[in-house]
1. Open to solvent by less than 20 Å² (accessible area, probe 1.4 Å), farther than 25 Å from F175 by Cβ, in contact (Cβ under 8 Å) with a residue 60 or more places away in the chain and not aromatic (F, W, Y), is that true of G225?
2. State the number of residues belonging to the stretch 176-186 that are buried (at least 22 other Cβ atoms within 10 Å of the Cβ) and either free of Cβ contacts under 8 Å to residues at least 60 places away in the same chain or under 13 Å from the mean Cα position of the chain (by Cα) (or both).
3. Among the candidates N262, N252, single out the residue that is under 19 Å from the mean Cα position of the chain (by Cα) and either more than 22 Å from I49 (Cβ to Cβ) or part of a strand (DSSP E or B) (or both).
4. Taking the residues in the stretch 254-290 that are farther than 24 Å from Y111 by Cα and of a type in the set (K, R) as candidates, determine which candidate is surrounded by the most Cβ atoms within 10 Å (Cβ to Cβ).
5. Hey, any hits in the stretch 300-312 for a residue that's touching a strand residue (DSSP E or B) at 6+ places or on another chain (Cβ under 6 Å) and of a type outside the set (D, E, K, R)?
6. Taking the stretch 17-34, which residues are touching a strand residue (DSSP E or B) at 6+ places or on another chain (Cβ under 8 Å) and either among the acidic types (D, E) or open to solvent by less than 20 Å² (accessible area, probe 1.4 Å) (or both)?
7. Taking the criterion of being in contact with a Leu (Cβ under 9 Å, 6 or more places away or on another chain), more than 22 Å from E324 (Cβ to Cβ) and open to solvent by 10 Å² or more (accessible area, probe 1.4 Å), would at least one residue in the stretch 200-209 satisfy it?
8. Would you confirm, using the coordinates I've provided, whether I312 is within 29 Å of S17 (Cα to Cα) and in contact (Cβ under 8 Å) with a residue 40 or more places away in the chain?
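The values are calculated or read from the model by the stated rules, or taken from the named source; none is laboratory data. It should be emphasised that the depicted structure is a prediction, and the values quoted were computed from it without experimental measurement. Cβ atoms come from the backbone with ideal geometry, glycine included; neighbour counts cover every protein chain shown. Side chains included, ligands, DNA and RNA excluded: accessible areas come from the protein's heavy atoms. Shrake-Rupley method; radii C 1.70, N 1.55, O 1.52, S 1.80 Å.
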Amino acid sequence: MENRTKEELQDSTMKVSSLNCIDLANDDLHHSVVSLKQACLDCGFFYVINHGINEDFMEDVFEQSKKFFALPLEEKMKVLRNEKHRGYTPVLDETLDPENQVTGDHKEGYYIGIEVPKDDPDWDKLFYGPNPWPDSDVLPKWRETMEKYHQEALRVSKDIARLLALALDLDVNYFDTQEMLGKPIATMRLLRYQGISDPSKGIYACGAHSDFGMMTLLATDGVMGLQICKDKNAKPQKWEYVPPIKGAFIVNLGDMLERWSNGFFKSTMHRVLGNGQERYSIPFFVEPNHECLVECLPTCKSESNVPKYPAIKCSTYLAQRYKETHADLSTYNQ
């Protein structure tokens, strides 16, 4: 268990991280790519502004998210997470840092993924298929709002992926192919955090982890809580708060991109500490196609820099990580 003095905890609350800010409307492409590359080498976290998603619409998405979490538990349990990792996840369902957590994360969530029609050959694959949706009589317009946001966030993700390709000395459209982001696994997750975290007692709103996929777009409600640890091997670990910027996404790289880039780009540890305030956020996890083989990119290896990670199929890697971090569904039948 992580033992830290009160003074250390108070000190950690004072550290605030400064991150690069990428403006998607900037005409100076070279500047954007250089700034992005530096962020990816430094800590794998950066802000994205001028992404084209309307501020009023974002407020509506958060309003609809709050309406869902305000429902009685029995109503939410009607759309409990299924074996395809879609639907409602109750408080404590996920444990992201079992070494340091005494209970699961103090958050509840709702997964929404890519919907493919029943006649699609990928329909039965683990990370495709239909989403469970709350009853439209209970939450009118909820589904339409979430589906529209999913489309918008995916569009922004593809814009960022083009800059990432250039930062990796690849063709600008490298990640646009059908095998990669042409038919991605893209999952948004509505989250509500509650309670007060106490790292000295192993209680976290969200345990320390790195994200599994290619990258994550995070929209927040402006309440502080997210912390990053730029050097996971440091003893003791140093945690810094990432302040939200109104209208900006906080974007971070995931483990898959670290593998793809041969460790060149960083997938950084992060966690959430609760301060007693309710906190809502919406991470949007971007992964390539189910069948995509994630192996060292051609520009990231040489005779003196051989691939550090074995090639692995995207769906195999994701399935393993989900299994390690989520409660077994059979526990909810007891």
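1. Details: open to solvent by less than 20 Å² (accessible area, probe 1.4 Å): yes; farther than 25 Å from F175 by Cβ: yes; in contact (Cβ under 8 Å) with a residue 60 or more places away in the chain: no; not aromatic (F, W, Y): yes.
When the stated conditions are applied, G225 does not pass them.
2. Within the stretch 176-186, residues that are buried (at least 22 other Cβ atoms within 10 Å of the Cβ) and either free of Cβ contacts under 8 Å to residues at least 60 places away in the same chain or under 13 Å from the mean Cα position of the chain (by Cα) (or both) number 2.
3. Numbers: N262 fails: under 19 Å from the mean Cα position of the chain (by Cα).
The unique qualifying residue is N252.
4. R259
5. Here is the first cut: in the stretch 300-312, the residues touching a strand residue (DSSP E or B) at 6+ places or on another chain (Cβ under 6 Å) are 311-312.
From the residues that got through so far, the ones that are of a type outside the set (D, E, K, R) too are 311-312.
Yes, that holds for at least one residue.
6. Once the filter is applied, which keeps residues that are touching a strand residue (DSSP E or B) at 6+ places or on another chain (Cβ under 8 Å) and either among the acidic types (D, E) or open to solvent by less than 20 Å² (accessible area, probe 1.4 Å) (or both), the stretch 17-34 yields S17, I22, D23, S32.
7. From the stretch 200-209, those in contact with a Leu (Cβ under 9 Å, 6 or more places away or on another chain) are 200, 204-209; that's our starting set.
Subset that is more than 22 Å from E324 (Cβ to Cβ): 200.
Pick out the ones that are also open to solvent by 10 Å² or more (accessible area, probe 1.4 Å) and you get 200.
Yes, because at least one residue in the stretch 200-209 is in contact with a Leu (Cβ under 9 Å, 6 or more places away or on another chain), more than 22 Å from E324 (Cβ to Cβ) and open to solvent by 10 Å² or more (accessible area, probe 1.4 Å).
8. Numbers: within 29 Å of S17 (Cα to Cα): no; in contact (Cβ under 8 Å) with a residue 40 or more places away in the chain: yes.
Considered against the rule, which asks whether it is within 29 Å of S17 (Cα to Cα) and in contact (Cβ under 8 Å) with a residue 40 or more places away in the chain, I312 comes out as no.
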